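Below is one structure, written out as structure tokens; comments come after it.
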Amino acid sequence: MASTSTAEGSASGVYGTTDITVKIDNLKDSARVSEDVLARTEIHSQIRSVIINAEEPDELDEDGDVITTLGIEEHSADEDDDANSTKSSASGKSDVPVRVRRAAAAEKRMKRLTEPIIQILDAVEDAGGSISEFTWAQETWWDSAGTRPENFWQALWKHARTLQKLDLGFYTHEVHRTQPAEVAFPALKEIYIDCTTAHGDEGSVIEHLFKSSPNLEILSFNYPSCDLPDCQIKNITWDYTFPNLRILKVNGYDFAPNAFAAFLTKCTNVEVFCDSVDDDRYDESVDDLPTTVFPKIRALKQSNYGTTRPLKEWFKSDSERQIRHLALSSRRSGRYDDWATLPNAQAIRTLEFNGEVQEWRWKVPEVDSDDDEAERDRIAGIAKDAAEGKLKPQAEAIKGLLAQLKNVQELGVSLESGNSSTWHGDGQGGGYWEDPAPMTVADVKTIIRTLPPDGNIRALRVWDSQAGTVSEEDLADLGEMPPALHLLSWEGKEKVLYWLEKKDGKVKPKPCKPLRRKVEHSEADWTQSRILEY
């Protein structure tokens, strides 16, 4: 029986009894885990998944020496000798540029740290086993250093015939240095590729992966968003056919808009599309979205910062598309008036807005001594609107949209407070940055004010990863709300669904069980967080 001395789901080790998972939560654990696996030959043929979570990007000390690369916190002796041999007697610092030393150290350590992973992959192959899932993930790949050696890729591609899920991120410019696999992936159903650091890279390794995986059902592809020709990924043709594709997530710059549109027309079974394909030069040279694209789509999510396709193209009356779940950015809330009146927009049952909590709260700027009269008048107007309890412009736009979308039954709103610091001026040219407070019941009350009093919205879902729990006493103070609203999902560090019982003008919240069972287990299927069926 495979086992580990550490808690499952939280540390490196070997988990399971028949379909075994090897988990490496930090690359510095790879040798220890490999030693454990290799000593237990009876489990080799039963290993099905290898999950690797790497560390944060490298850090440098004041001399530019690598002090943490790929989870290693101190130099090895041979690396110190190499570094010392390059010291200048005059300056006491290395004559070799920092980036060169950093790259050399990263390559050396990467080679050492991947060797145990190669041994695990080869042991499974030698035992006649088969890997069905392989993940090498990292919280961020930005400014990451390293190139996995060729023999690592050779060991991984030996399992190409049985891989069903592949989740790969790439270190900075590693895509350019990685050769395409000379194999096909006939069983691959899910692929998650993050090559956001491939600025200007030759993308043939990615191109081959896509062209050799005809049976994909889920495709998530993150690549550079840069609009400069020299920093875009190269040789991605979009000339792929995935007849079984159901979920598509694409995030990057639309370097070939017409080729991308042609690719979409071939994905006839896509049901869920996360569209973060950005083009800041959208003009008449880009074809309209064909009405034949995604005839089976049920859910569409658009980026916070702008996308290639205007919403009115998705809701054309002469298309077969019936989008029931729509996720938008609250930052773009003033751009809805050109599509909400189209007949196909009435198919929407669940509507979400992704954004930050301060987009729903008034913040009156401090008057600075350098402000001109126009700026002072603007600030005075904000202060007046806040004092009168008016909704912010974004909230007013959402209120108008909800009044038009008569069949919406569930509203979801992101009220994230993390990573969204705001500047507090002191009126003298100085000030400080401060994170907003996590979401509160007051924010929920603001959202409720946007709901049509005679509408059909039965469920409201709010989320903020920084928020704590909420008391039933606080929720009882929600005040007046539309008759149809009876469900509230409060999703902070804990998630609780409440049934809002109304009696004599008061609200009595009661925790209740989820109303639907999640049918997907995929990071790409963002629709599974909803409350209601549609």
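The values are calculated or read from the model by the stated rules, or taken from the named source; none is laboratory data. Owing to the predicted nature of the structure, the values given are computational and were not obtained by experimental measurement. Using ideal geometry, Cβ is built from the backbone for each residue, glycine included, and neighbour counts are taken over all protein chains shown. Heads up: the accessible areas ignore ligands, DNA and RNA and are worked out on the full protein's heavy atoms, side chains in. Shrake-Rupley method; radii C 1.70, N 1.55, O 1.52, S 1.80 Å.
Just to check, using Stokes-Einstein with a Kirkwood Rh over alpha carbon pairs, what's the diffusion coefficient of the stretch 111-211 at 4 °C and 1.567 mPa s in µm²/s? The diffusion coefficient I find is 92 µm²/s. Taking a point 7 angstrom from the Cα of Arg517 along the C-beta vector, which residues in the stretch 473-508 have backbone N less than 20 Å away? Under 20 Å, as judged by backbone N against the label point of Arg517, lie 497 of the stretch 473-508. Radius of gyration (Cα atoms) of the stretch 196-328, expressed as a multiple of 2.2 N^0.38 Å: 1.01. Across the stretch 411-534, C-alpha contacts under 8 Å between residues 6 or more apart give a mean separation that, scaled by the residue count, equals a relative contact order of 21 percent.
Distance between the pseudo-spin-label points of Asn151 and Lys234 (7 Å out from Cα toward the beta carbon): 3.0 nm. Taking every protein chain into account, the accessible area of the stretch 100-146 amounts to 40 square angstrom per residue (probe 1.4 Å). Solvent-accessible surface of the stretch 370-506, averaged per residue with a 1.4 angstrom probe and all protein chains in place: 53 square angstrom. What FRET efficiency comes out for Thr268 versus Glu388 if R0 is 45 angstrom and r is the Cβ-Cβ distance? Round to the nearest 0.05. Calculated transfer efficiency: 0.30. The residues of the stretch 160-223 expose on average 32 square angstrom of accessible surface per residue, using a 1.4 Å probe on protein heavy atoms. Placing a pseudo-label 7 Å from each Cα along the Cα-to-Cβ vector at Lys111 and Thr21 gives an inter-label distance of 3.3 nm.
Between Ala484 and Glu366, what is the FRET efficiency for a Förster distance of 56 Å, r being their Cβ-Cβ separation, to the nearest 0.05? Here the calculated transfer efficiency is 0.85. Number of Lys-Lys pairs in the stretch 319-477 with C-alpha atoms under 16 Å apart and a separation of 8 or more places or on different chains: 8.
For the stretch 324-401, a Kirkwood hydrodynamic radius built from all Cα pairs, placed in the Stokes-Einstein relation at 4 °C and 1.567 mPa s, yields a translational diffusion coefficient of 88 µm²/s.
Averaging Cα coordinates gives a centre for the stretch 117-133 and one for the stretch 462-487; these two points are 50 Å apart.
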